[in-house]
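The values are calculated or read from the model by the stated rules, or taken from the named source; none is laboratory data. Since this is a predicted model, take the numbers as computed values, not measurements. Virtual Cβ from ideal backbone geometry, glycine too; neighbours counted across all protein chains shown. The accessibility values were calculated without ligands, DNA or RNA, using every heavy atom of the protein model including side chains. Shrake-Rupley method; radii C 1.70, N 1.55, O 1.52, S 1.80 Å.
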Amino acid sequence: EPEVTQTPSHQVTQMGQEVILRCVPISNHLYFYWYRQILGQKVEFLVSFYNNEISEKSEIFDDQFSVERPDGSNFTLKIRSTKLEDSAMYFCASLPRLNTDTQYFGPGTRLTVL
Amino acid sequence: SQQGEEDPQALSIQEGENATMNCSYKTSINNLQWYRQNSGRGLVHLILIRSNEREKHSGRLRVTLDTSKKSSSLLITASRAADTASYFCATDAEQGAQKLVFGQGTRLTINP
């Protein structure tokens, strides 16, 4: 069964550094999402992406964040200058089309900012 | 106020008992989904119920949806120690890019 993959599984970085989290969505999916979950809290929507542009973003997704689909298979989330409060689990998800069944989630990347 | 709020926040029961978790939401939805998350791990999709459905079963899981009350319940029957996890409901609104809005979750502990 096809699945969403994410790398790395755990990323440790120093405050102020840039990080890129990578996701490979399921190949025929068209909609892509990033969510984050701070330890012990709920999962929060960050951004959705369709047709090579952001379709919706949350208040969390400020100028420090960007997303890209550089090569038709990878979907990346970049944090330009990490803060301590960016420490969280980041989940990628993909969807074949709107109004279908569930989004398919990746296993997550745990980001630790020191 | 938040979409997708579960109660109770924590639930501890004995193995073999049934566990019921509730979720409330505020906007019109396409569907409602339940996910399980073991500590520090990824999200495991359990079951999806569409806005025009009232009840759905999958193995030991039973989900109900009451769109008039904007609420859902997840029942796990004959609980097992392996069911210990956090359970989240998530809704996607009728409009927009189908982002999921998650609740705070219920932390379920099954005592052997």
Query raised in the report: Rg (Å, one decimal) plus Dmax (Å, integer) for the alpha carbons of chain B?
Result: 13.4, 44
Query raised in the report: In sequence order, what are the phi-derived ³J(HN,Hα) couplings for the stretch B:64-81 according to the Karplus relation 6.51 cos²θ - 1.76 cosθ + 1.60 with θ = phi - 60°, rounded to whole Hz, with x for glycine and proline?
Result: 10, 9, 10, 6, 5, 9, 6, 8, 9, 10, 10, 10, 10, 8, 6, 4, 10, 4
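Taking a probe of 1.4 Å, how large is the accessible area per residue of the protein assembly as shown, in Å²? Could you put the intermediate results ahead of the total?
On the way: 11000 Å² over 226 residues.
Here the per-residue accessible area is 49 Å².
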Query raised in the report: Nearest 0.05, what FRET efficiency do A:ASP101 and A:ASP62 give at R0 = 30 Å with Cβ-Cβ as r?
Result: 0.45
**Report entry** In the stretch A:30-110, trypsin sites (Lys or Arg not before Pro) in a DSSP loop with at most 11 other beta-carbon atoms within 10 Å
**Finding:** A:LYS83, A:ARG97
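When DSSP assigns beta bridges and you keep just the ones with both residues in the stretch B:5-111, what percent turn out antiparallel, to the nearest 5? Please report the intermediate quantities before stating the final value.
Working: 40 of 45 bridges.
Of the beta bridges lying entirely in the stretch B:5-111, close to 90 percent run antiparallel.
Loop by DSSP (not H, G, I, E, B), at most 14 other beta-carbon atoms within 10 Å: where is the longest site-free stretch of chain B for GluC sites (Glu not before Pro)? Can you show the working numbers first?
Working: sites that count: B:GLU15, B:GLU17, B:GLU53, B:GLU94.
Segment B:54-93 is the longest.
Loop-only GluC sites (Glu not before Pro) in the stretch A:10-103, please: DSSP not H, G, I, E or B, and at most 15 other Cβ atoms within 10 Å.
A:GLU18, A:GLU59
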Query raised in the report: Once the piece of chain linking B:LYS69 and B:THR20 is laid out straight, how much longer is it, given 0.36 nm per residue of separation minus the C-alpha distance between them?
Result: 15.9 nm
**Report entry** Most mobile of A:PRO25, A:PRO70, A:PRO96 in a GNM of chain A (Cα contacts under 10 Å)
**Finding:** A:PRO70
Report summary line: In whole Å, largest first, the alpha carbons of chain A cover along the principal axes 38, 26, 26
Query raised in the report: Can you run phi through the Karplus equation (6.51, -1.76, 1.60; θ = phi - 60°) for the stretch A:69-75 and list ³J(HN,Hα) in whole Hz, with x for Gly and Pro?
Result: 10, x, 9, x, 10, 7, 9
Requested in this report: Place a +1 charge on the Cβ of each Lys and Arg in chain A and a -1 charge on the Cβ of each Asp and Glu, then give the dipole magnitude about the Cα centre in debye, rounded to the nearest 20.
Outcome: 180 debye
Report task. Please figure out what share of the DSSP beta bridges in chain A is antiparallel and state it in percent, rounded to the nearest 5. Result -> 90 percent
Report task. Starting from the amide H of A:MET89, placed 1.01 Å from N in the peptide plane, find each other amide H under 5 Å away whose residue is 5 or more places distant or on another chain. Result -> A:GLN37, A:ILE38, A:LEU39, A:LEU111
Query - Loss of accessible area when B meets A, both sides summed, Å² nearest 100, probe 1.4 Å - result: 1800 Å²
Report task. Enumerate the aspartates and glutamates that A:LYS83 could reach by cross-link, defined here as Cα to Cα under 14 Å, with residues fewer than 8 away along the same chain left out. Result -> A:GLU18, A:ASP62, A:ASP63
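Return the FRET efficiency for the residue pair A:LEU84, A:SER9: r is the Cβ-Cβ distance, R0 is 22 Å, and the value is rounded to the nearest 0.05. Before the final figure, lay out each step's value.
Numbers: r = 21 Å, r/R0 = 0.94.
With R0 = 22 Å, the Cβ-Cβ based efficiency is 0.60.
For B:ARG62, what is the net charge nearby, where nearby means another residue's Cβ is under 10 Å from its Cβ and Lys, Arg count +1, Asp, Glu -1?
Numbers: positive: B:LYS56, B:ARG60; negative: B:GLU55.
After counting each charged neighbour, the total is +1.
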